[in-house]
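Below is one structure, written out as structure tokens; the observations come after it.
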Amino acid sequence: MSGTSEILLVSGSLRSGSTNGALLNTAAALTLPGITTTSYRGLADLPHFNPDDDRPDAPLDPAVRELRAILAASDAVLFSTPEYAGGLPGSFKNLLDWTVGGGETYGMPVAWINTAGPAAPSGGADAEAELARVLGYTGAEIVAAACRRIPVAREAIGADGLIADPAIRDPLAEALRTLAAAVADGAAARHRVSASG
Ligand SMILES: Cc1cc2nc3c(=O)[nH]c(=O)nc-3n(C[C@H](O)[C@H](O)[C@H](O)COP(=O)(O)O)c2cc1C
């Protein structure tokens, strides 16, 4: 156990000026003891998921290799995604489909931030429900206590692309700390199991 949790930050939005992207860039800029973060930037490069291209006897697309390597090097994942047409954005669901065969997120603590504003028709609830269902299929461990609804208005994003408002930064930091605590708990439990076995 190193005592530091490496959290991968994955946005479900490809939009430049994305509120979800800004939130996760803000998470990356927070300095929190015992937590390091990496921002995943390869969403647009992933090929359409096709099981034919995910076989041990075929070369894997480099973007998928990179995704799986970065997941394997992470202790946890924090997602932040918009809702499109009552569910997850297709490109983000495509990323999640690629994680099923890789298995890197199996048993991994994950959480999400819902940035939907008050005007959003479902408040992002449909995207959250779909994300929970898909992550269930990947075997990820959803850390419910780290999941948060933190509305982010476009005006909250500064010229530097980050969010300065403490009403957003504070619960975001708390979500990261809660996710890191789940990593530490899991590591401690694994340590206990291996020590007793
Ligand atoms: C094509 C499209 C469909 C959308 N569908 C929904 C929806 O079903 N429910 C919802 O709450 N918001 C919906 N929205 C609003 C987005 O979720 C919202 O604008 C979000 O802030 C975009 O995230 P971003 O700033 O990270 O790009 C939709 C937006 C677009 C462009």
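Every helix of 4 or more DSSP H residues in the chain counts as -39500 (n - 2.57), and over all residues that averages to -13500 deg cm²/dmol at 222 nm. For the residues PRO59, PRO82, PRO47, a GNM of the chain with alpha-carbon springs under 10 Å puts the largest fluctuation on PRO59.
Surface composition of the chain: carbon and sulfur make up 55 percent of the accessible area, probe 1.4 Å. Taking the inverse of the mean reciprocal distance over all distinct Cα pairs, the Kirkwood hydrodynamic radius of the chain comes to 17.3 Å.
Close amide H pairs (under 5 Å, H built 1.01 Å from N) link ILE35 with SER5, residues at least 5 positions away or on another chain.
Determine which residues of the stretch 62-104 fall in the zone a paramagnetic label at SER194 would reach in this model, i.e. backbone nitrogen under 13 Å from the point 7 Å along Cα→Cβ. Inside the label zone: nothing. Counting only Cβ charges, +1 for Lys and Arg and -1 for Asp and Glu, the dipole size of the stretch 1-105 around its Cα centre is about 340 debye. Computed from backbone phi with θ = phi - 60° and the Karplus coefficients 6.51, -1.76 and 1.60, the 3J(HN,Hα) list for the stretch 103-111 is x, 5, 8, 4, x, 8, x, 9, 8 Hz; x is used for glycine and proline.
For the chain, the dipole from Cβ point charges (+1 on Lys and Arg, -1 on Asp and Glu) about the Cα centre works out to 360 debye, to the nearest 20. Here the calculated FRET efficiency for ALA153 and ASP45, from their Cβ-Cβ distance with R0 = 25 Å, stands at 0.30, rounded to the nearest 0.05. Amide H to amide H distances under 5 Å link LEU162 with no residue, where only residues 5 or more positions off or on other chains count and H is placed in the peptide plane. Whole-Hz Karplus values for the stretch 81-95 come out as 9, x, 9, 10, 6, x, x, 7, x, x, 5, 6, 4, 4, 4 Hz, taken residue by residue from phi with 6.51 cos²θ - 1.76 cosθ + 1.60 and θ = phi - 60°; glycine and proline positions read x. Given an 8 Å cut-off on Cα distances and at least 6 residues of separation, report the relative contact order of the chain as a percent. Contact order relative to length: 26 percent.
The values are calculated or read from the model by the stated rules, or taken from the named source; none is laboratory data. Every value quoted in this text rests on a predicted model; they were computed, and no experiment measured them. All Cβ positions, glycine included, derive from the backbone under ideal geometry; neighbour counts span all protein chains shown. SASA here: full protein model, heavy atoms, side chains in, ligands and nucleic acids out. Shrake-Rupley method; radii C 1.70, N 1.55, O 1.52, S 1.80 Å.
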